[in-house]
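In what follows, a single structure is set out as structure tokens and then discussed.
What follows draws every value from the coordinates through simple rules; no lab data is involved. Nothing here was measured: the structure is a model prediction, and the numbers come from that model. Here the Cβ is made from the backbone with ideal geometry for all residues, glycine too, and neighbour counts use every protein chain on show.
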Amino acid sequence: MTRKNRDREVERQHIRAATERLLAGTPLRSPVGKLTGTELIAECGLRRDVVYGDHKELVDEFRARAKAQYFTPQVVQDMADENIALREALGKVKTDLAAERERVRALVRAATELSLELEQAREELAAAQQVTRLPGPRETRRVPE
């Protein structure tokens, strides 16, 4: 089995491209996008021993540039802002849901009470229909004058 010759210049290009993507906040392979050497290795797609063995100066340069930035990448900041907005929206939805559930409980109680009253009224009506009704007062006819 023969080993494929490595092209160190291509490796350097991969590392530089990964550096730019991470610093810009647009990682392709890095799961987190933090500005660390581990994330650089994940982003460039090369083995750790290759990066630290032959291209240590590029890793050091990346770390220096990351440290010089002194701010969170825009993508991470956007995600944090979105997370805050979503948490606030979720809190509002939970509050609204609790209020709606209380209204439902009140409506169920009212519906139950009304159904009981309706049943009582039906029973009273049925009992009233069993009573023999007497004829009403007679009409008196007027004598024409």
Every pair of residues 6+ apart whose Cβ atoms lie under 9 Å, when the first sits in the stretch 71-95 and is without any contact (Cβ under 8 Å) to a residue 40 or more places away in the chain and farther than 23 Å from residue 36 by Cα while the second is part of a helix (DSSP H, G or I) and not hydrophobic (A, V, I, L, M, F, W, C): none
Odd one out for residue 33 among (1) closer than 12 Å to residue 63 by Cα; (2) touching a residue at least 24 places away in the same chain (Cβ under 8 Å); (3) not basic (Lys, Arg): (1)
Among residues of the stretch 33-68, those that are surrounded by 11 or more Cβ atoms within 10 Å (Cβ to Cβ), over 24 Å from residue 7 (Cα atoms) and not charged (D, E, K, R), counted: 4
